[in-house]
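The values are calculated or read from the model by the stated rules, or taken from the named source; none is laboratory data. On a predicted model such as this, the values are computed, not experimentally measured, just so you know. Here the Cβ is made from the backbone with ideal geometry for all residues, glycine too, and neighbour counts use every protein chain on show. Heavy atoms of the whole protein, side chains included, go into the accessibility calculation; ligands, DNA and RNA do not. Shrake-Rupley method; radii C 1.70, N 1.55, O 1.52, S 1.80 Å.
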Amino acid sequence: MTDFENVTLELRGHAAVITINRPKALNALNSATLDDLAEALVEASTFEDLRALIITGSGDKAFVAGADISEMAEMSCIEAEDFALQGQEVLNGIEHFPAPVIAAVNGFALGGGTELAMACDLIICSSNAVFGQPEVKLGVIPGFGGTQRLARLVGAMRAREIIFTGRNVSAAEAAEIGLVIRVLPEGESVLDAAIAMAGKIARVGPVAVRLAKRAINENVDSALPVALAAERTLFALCMSTDDQTEGMDAFLNKRKAEFQGR
Ligand code: CAA
């Protein structure tokens, strides 16, 4: 386990777990915490044979209660732009992290918390999770990608309504609108569920999973012919891997594949 000031990083089987750990501010993201998160991502990317990364918050009340309001309150326009850029760059690093990233949302995920979760590939949450982009209540707009990623995930009109009103989105509604893929029953650990999901991902071809993530995340905003060309290239690249040889041989010989991630 590596302890940064406001973030911890540990390995659980084939999955790394990053925990935002700033309980006195409900895990709100100040610039020091964003720095820690960036460092933890770099360190996690060096883990050998990593099949998934999980991001969660410490405690059972909050995933991340947003960007840090006391820090933002003192910022000039230029400092605010730098802060938004810092947040966006860290979240882009999650979106393009080589292995799949699962957000295990364990309570409040407001503002920067919803934005952090949306940069992950998969979001699962506890029954007490609360999402939302309440920035307009503070006289600002989302600055860590919320206006863009929420619209892409749930549709522009629904995103407008959530952002313009700044209202809370319950776990049940988040599942209904496609913001999360699973809400855990009350009392079940969202981290355990994320580790179980990572375990399922760990059983299939590791290189294929990484290339599938790239095919989706690097091309989601491209024109379809460009995106399909990228998919063809990555599909063809799979044919140069030991995992492809093993996966197809195992199928044809009716045995379980033993993937090496090469
Ligand atoms: N920034 C800084 N501190 C925060 C915080 C935040 N986003 N959220 C909570 N805290 C602090 C509180 O100030 C409080 O500190 P003190 O004990 O020192 O007073 C502590 O965490 C506990 O919070 P509450 O007492 O408010 O707890 P609660 O249970 O009554 O309410 C809550 C929980 C509904 C999440 C409430 O804390 C809240 O509304 N937080 C702010 C949510 C928000 O507006 N987030 C968006 C931020 S803007 C943003 O994210 C911009 C962007 O896109 C870049």
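Tabulated data for the structure shown
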quantity	calculated
Nonlocal amide H pairs with residue 101, under 5 Å, H built at 1.01 Å	53, 121, 122
Pair residue 12, residue 220: separation of 7 Å Cα→Cβ label points (nm)	2.4 nm
Descending Cα extents along the principal axes, the range 206-252, whole Å	36, 16, 15
Mean Cβ count within 10 Å, highest first, over the residues of peptides 245-251, 65-71	65-71, 245-251
Nearest 10 degrees, 0 to 90: helix 242-252 Cα axis against the chain principal axis	60 degrees
Dmax and Rg, reported as Rg then Dmax, of the range 70-128 (C-alpha, Å)	13.4, 39
Amide H contacts under 5 Å for residue 63, placed H, 5+ residues apart	106, 107, 108, 109
Gain on full stretching of the segment that runs from residue 80 to residue 230 - 0.36 nm per residue minus C-alpha separation	50.4 nm
Note, ³J(HN,Hα) from phi for the range 118-135, Karplus 6.51, -1.76, 1.60, rounded to Hz, x at Gly and Pro	5, 6, 7, 6, 9, 10, 10, 8, 7, 5, 8, 5, 9, 9, x, 10, x, 4
Degrees separating the helix 77-95 axis from the principal Cα axis of the chain, which is the longest one	20 degrees
Relative contact order, percent, the chain [alpha-carbon distance under 8 Å, six or more residues apart]	16 percent
Whole-Hz ³J(HN,Hα) from phi, Karplus 6.51 cos²θ - 1.76 cosθ + 1.60, for the range 17-30, glycine and proline x	10, 9, 10, 6, 10, 9, x, 5, 10, 6, 6, 4, 8, 9
Proportion of all alpha-carbon pairs of the chain beyond 36 Å (%)	15 percent
Karplus (6.51, -1.76, 1.60) ³J(HN,Hα), θ = phi - 60°, over the range 209-215, in Hz, Gly and Pro reported as x	4, 5, 6, 5, 4, 4, 4
Distance in nm between pseudo-label sites at residue 245 and residue 182 (7 Å out along the Cβ direction from Cα)	3.4 nm
Geometric extent, Cα atoms of the range 127-244 - Rg, Dmax (angstrom)	18.2, 54
Prolate/oblate/rounded label for the range 149-206 (Cα gyration tensor, a/c 1.5)	oblate
Amide H within-cut-off set for residue 4, under 5 Å, with H built and near neighbours excluded	9
Rg over Rh [alpha-carbon atoms, Kirkwood Rh] for the range 1-134	0.95
Alpha carbon centroid spacing (whole Å) that separates the range 68-86 from the range 203-220	34 Å
Long pairs among 200/254; 61/213; 24/200; 61/137; 200/256, criterion Cα-Cα beyond 26 Å	61/213; 24/200
Which of 77, 125, 238 is most accessible, then next, and so on - probe 1.4 Å	77, 238, 125
